[in-house]
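Enquirer: Sharing a structure, written as structure tokens. Questions coming.
The values are calculated or read from the model by the stated rules, or taken from the named source; none is laboratory data. None of these values were measured; they are calculated from a predicted model. With ideal geometry, Cβ positions are generated from the backbone for all residues, glycine too; neighbour counts draw on all protein chains shown. Side chains are part of the model used for accessible areas, which takes the heavy atoms of the whole protein and leaves out ligands, DNA and RNA. Shrake-Rupley method; radii C 1.70, N 1.55, O 1.52, S 1.80 Å.
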Amino acid sequence: MSGHADPPRVEDGRWHCPIDVARYDRNPVLDPHERVELALMTRYLTARNRHGVQRSACVLERLIRPIEDVLVVTRAPKGLRYDVVNLLVREMHQRQSAFWGWTRDTWTDVEAFNKPSSPQRHARHHVIAVAYFLNGYTDLHLHSGAYQYAYSLAVKIFGKPAVDASIERLCAELRAWGYTGAWLTRETPRALASVLLVNGSPHLEDLTAAVLERVRKGSLRPYLKRTFLALSTGLASLGILPEPLARDLKDGERFGHPDPLTGISPAWSAWCTRWLDTSTLNPTTRRSVFHLILRAGRWLSLVHPDVTGPEQWNRELAAAYVAAVDRLTIGQWTVAAQRPVGEATRSVSAGYKQQHLYAVSTFLQDCQEWGWIPRRFDPRRCFTTPRAIRAQIAPNPRVIQDDIWAKLLWAGLNLRAEDLPRGLWTDQGTRPNAARRPWYPLEMLRAIVLVWLFGGIRRDELVRLRLGCIRWQREDVGVVGSADALHRNAVCFLSIPTNKTGTAFAKPVDAVVGEAIGCWEHARPAQPPVVDRRTGEIVHYLFSYRARRVGQDYINGTIIPMLCRKAGVPEQDARGNITSHRARSTIASQLFNAKEPLSLFELQAWLGHRTPASTQHYARITPTKLAQAYAEAGYFGRNLRMIEVLVDQDAIKDGAAAAGEPWRFYDLGHGYCTYDFFDQCPHRMACAKCAFYVPKGSSKAQVLEAKAGLQRLLEEIPLTDEERAAVEDGVVAYDKLLTKLADVPTPAGPTPRQLAAHKRAELAVIDVSTGERTE
Ligand code: SF4
């Protein structure tokens, strides 16, 4: 066996296929003579009969020559050439067919591909090259497990200079964005080589998004598929692709979830899709409404299969839908695969019910407004959220406890490289025992952490901060309307991008935030600009690395758990998980409750709220401040009165007390009350002077006050509001209390009115001066 000379593969900087299959006899059917010769050659090969093999090769030239030509191109060593020919001759003899007619499955089935124990396994690259050049099967290397040798195969087929030039060009771009390690040096060459092989050209300019997508859809492991996103971003940056690939979705998925059109009538789906294409709502809201009206369609399919369009809705159906939403449970009206196990009977949240009603109401209103359907009823009224659901919905900013927040602040300010979450890749690959590298640099994570801890901004705003978002106050500035001055570098201004409630604005933040951002901006590799989905502007995101903006979920899913780990606090407290938004309410609450607090309007401006009504929910008074205010209000004290009590110890000692004699005397000012349960007497603050009363001028009182064993104590008497008013507010309130108690019996029995009448009667009967009866 001998090959032809290696034909030139690169002309004018372009690679050209060195094998022209048109010049070969490609009849897939073996004639009888060829069948006999194949059998003979198989025997010669087994016996290593060189002369026999050469003679058969001459007879079977239309089959052997093309193989040898390919092996010349792939620069197969002599021994390997023998093995490849040996393998393919045996396969043709066994299958009784020429390789020209083999299908992809046949090639896949060839022994060298599938059996690790095969003696010809080392020849697999060259066998694949034969299939590649002669049968046009350009994707055989994508079989499971064969991805690893894509680069070696590409070098054999295209030549090392052409392949390396393309890889280096792409890697240089990725390296500049921050890609390093095994991902760059091993996985990127493999992924790109796979794509080049499938595309049939080593040149990047020949690549298309369709080819990349085709390779990504192959039987690659999920972590390898993610490589293609970066690959496509690099190609887009080089101007080869118009834009990077979209997220990889499985068949039947939309927006990363099982196909939402499942179980819905096609007519209703068509209406929903039409609405989605027409609506001008915010993209996030639009998509949310779209999913919810599809769920309404699933409810229609189950309960009212005859209703397939919005024009069939009426008040009655709307009322039925509101009732159904009120009883909605988790997983209902969803695609079966999405239903969480064991939660089928749990009701969905009140907020989610309200979203359902809002979505259908919006959809039907729009259909009416756009003239798609006649106005038969008012969706706004018919889909009003029931009061019982509304009552459960209230803003609930969950402030993080002071001690936990202080620990998180400490953790954020003392973040170290060893605290960072580890990525998938290592310098040596993905082996679990190798030291994994952090996916993001320390400077970037420190800046994210400090913005989260001190910025009080929304998660969406944080990840969308722009490069150059910090502005320093470089000079001392006087504060308008006061003698105070804002010292330079005391604070810096953080530019917040357009958010869900307002336009872009700047807010003052601590200098530590500006310093951390400045540090990251200094270390940040140049990144390609991207389109801001909210505003449509071309922007440079601050927290962009490896050509990708940090995701929103990264804060809740990675940053906060990392901080909690370092701070030694749990990731959740009594109010739920510690999330990015809880920092916002915590900071707002602390600013509002500070020693020199921000006013409500200042806080509104700082938080970027459109109205102060939203700010009120965040400006919660802290329990400590509330407790202090409560203590200072003296509510408990002002409802108590201290009254002096005289305890006659002599009466206790000599047994008079045990015999029923009074021993405890409550000092009423004008006299003493000897009633043991004075605090329960309704007349205690306006004594009716019942039988328990001892006037101070009386001999009994004088005897008592002269006793040596008299002990003076103070006792707290709780007051009612009217009693407190009588004590504090003067004569009018006192008279009012007297009037109220006029007919209330005293502990001795008679009411004050009866006591007064009795006294008047006594005075009428005896005139003290004359001793005569008078009126
Ligand atoms: S009414 Fe009688 S029991 Fe009540 S405080 Fe006066 S003296 Fe004491």
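Enquirer: If packing is taken as the average number of other Cβ atoms within 10 Å across a peptide's residues, how do 82-88, 737-743, 127-133 rank, most packed first?
Expert: 127-133, 82-88, 737-743
Enquirer: Could I ask something else about it? Cα to Cα, under 17 Å, and not fewer than 8 places away if on the same chain: which lysines meet these conditions relative to K595?
Expert: Within the straight-line limit of under 17 Å, K595 reaches these lysines: K625.
Enquirer: In nanometres, what is the gap between the two model label sites at T185 and A523, each 7 Å from Cα along Cα-to-Cβ?
Expert: 2.2
Enquirer: I want to check the label-to-label distance for R753 and Q552. Put each point 7 Å from Cα in the C-beta direction and report it in nm to one decimal.
Expert: So the label points at R753 and Q552 sit 7.2 nm apart.
Enquirer: In addition: Work out how much length R565 to R274 would gain on full extension: take 0.36 nm times their residue separation and subtract the Cα-Cα distance, in nm to one decimal. Write out the running numbers ahead of the final one.
Expert: On the way: separation 291, 0.36 × 291 = 104.76 nm, distance 4.79 nm.
Working it through step by step, the gained length comes to 100.0 nm.
Enquirer: Please compute the per residue accessible area over the stretch 259-390 with all protein chains in place, 1.4 Å probe, rounded to a whole number of Å².
Expert: 51
Enquirer: Percent relative contact order of the stretch 9-137, based on C-alpha pairs within less than 8 angstrom and at least six residues apart?
Expert: Relative contact order here is 30 percent.
Enquirer: Moving on. For R466, enumerate residues with amide H under 5 Å from its amide H, sequence gap 5+ or separate chain, H modeled in the peptide plane.
Expert: Counting only residues 5 or more places away or on other chains, the set is L542.
Enquirer: Right, another one. 7 Å from Cα along Cα→Cβ at both L238 and R315: what's the point-to-point distance in nm?
Expert: Reported label-point gap for L238 and R315 is 6.7 nm.
Enquirer: Also, quick follow-up: I'd like to check one number: the per residue accessible area of the stretch 9-137, probe 1.4 Å, reported in Å² as a whole number.
Expert: Heavy-atom SASA per residue in the stretch 9-137 reads 48 Å².
Enquirer: Grab the beta carbon distance between T535 and R104, set R0 = 45 Å, and tell me the FRET efficiency rounded to 0.05.
Expert: With R0 = 45 Å, the Cβ-Cβ based efficiency is 0.40.
Enquirer: Right, here's the next one. Quick one: if the Förster radius is 35 Å, what FRET efficiency do C58 and K217 give, using the C-beta to C-beta distance and rounding to 0.05? Before the final figure, lay out the partial values.
Expert: Numbers: r = 45 Å, r/R0 = 1.27.
It comes out at approximately 0.20.
Enquirer: Can you order the peptides 49-58, 585-594 by their average number of other Cβ atoms within 10 Å per residue, highest first?
Expert: By packing density, highest mean first, the sequence is 585-594, 49-58.
Enquirer: Taking all protein chains as present, what is the carbon and sulfur share of the accessible area of the stretch 9-137, in % to the nearest whole number, probe 1.4 Å? Provide the component values of the computation, followed by the final result.
Expert: Values: 3110 of 6250 Å².
Carbon and sulfur atoms account for 50 percent of the accessible area of the stretch 9-137.
Enquirer: Taking 60 Å as R0, compute the FRET efficiency from the Cβ-Cβ separation of A417 and A267 and round it to 0.05. Could you put the intermediate results ahead of the total?
Expert: On the way: r = 58 Å, r/R0 = 0.97.
The pair A417/A267 has a calculated efficiency of 0.55.
Enquirer: If you don't mind, there's one more thing I want to ask. Quick check: residue separation of A504 and R376 times 0.36 nm, minus the Cα distance between them. What number comes out in nm? Don't jump to the answer; show the numbers that get you there.
Expert: On the way: separation 128, 0.36 × 128 = 46.08 nm, distance 4.16 nm.
Between A504 and R376, full extension yields 41.9 nm more.
Enquirer: So, by mean Cβ neighbours within 10 angstrom, what's the order for 171-180, 529-538 with the highest one leading? Before the final figure, lay out the partial values.
Expert: Values: 171-180: 17.4, 529-538: 12.7.
In decreasing order of mean packing, 171-180, 529-538 become 171-180, 529-538.
Enquirer: How large is ³J(HN,Hα) for each residue in the stretch 17-33, as worked out from phi by the Karplus curve 6.51 cos²θ - 1.76 cosθ + 1.60 (θ = phi - 60°), to whole Hz, x for Gly and Pro?
Expert: 5, x, 10, 9, 5, 5, 8, 9, 7, 9, 5, x, 8, 7, 7, x, 5
Enquirer: Once fully extended, how much extra length lies between H203 and F493, figured as 0.36 nm per residue of separation less the alpha-carbon to alpha-carbon distance? Could the numbers behind the result be given before it?
Expert: Details: separation 290, 0.36 × 290 = 104.40 nm, distance 4.76 nm.
Gain in length upon complete extension: 99.6 nm.
Enquirer: Is there a pair in K78/K217; K225/K566; K225/K500; K653/K696; K353/K500 whose C-alpha atoms are over 31 Å apart, and which pairs would that be? Don't skip to the end; give the middle numbers.
Expert: Details: K78/K217 37 Å; K225/K566 33 Å; K225/K500 33 Å; K653/K696 24 Å; K353/K500 22 Å.
Listed pairs above 31 Å: K78/K217; K225/K566; K225/K500.
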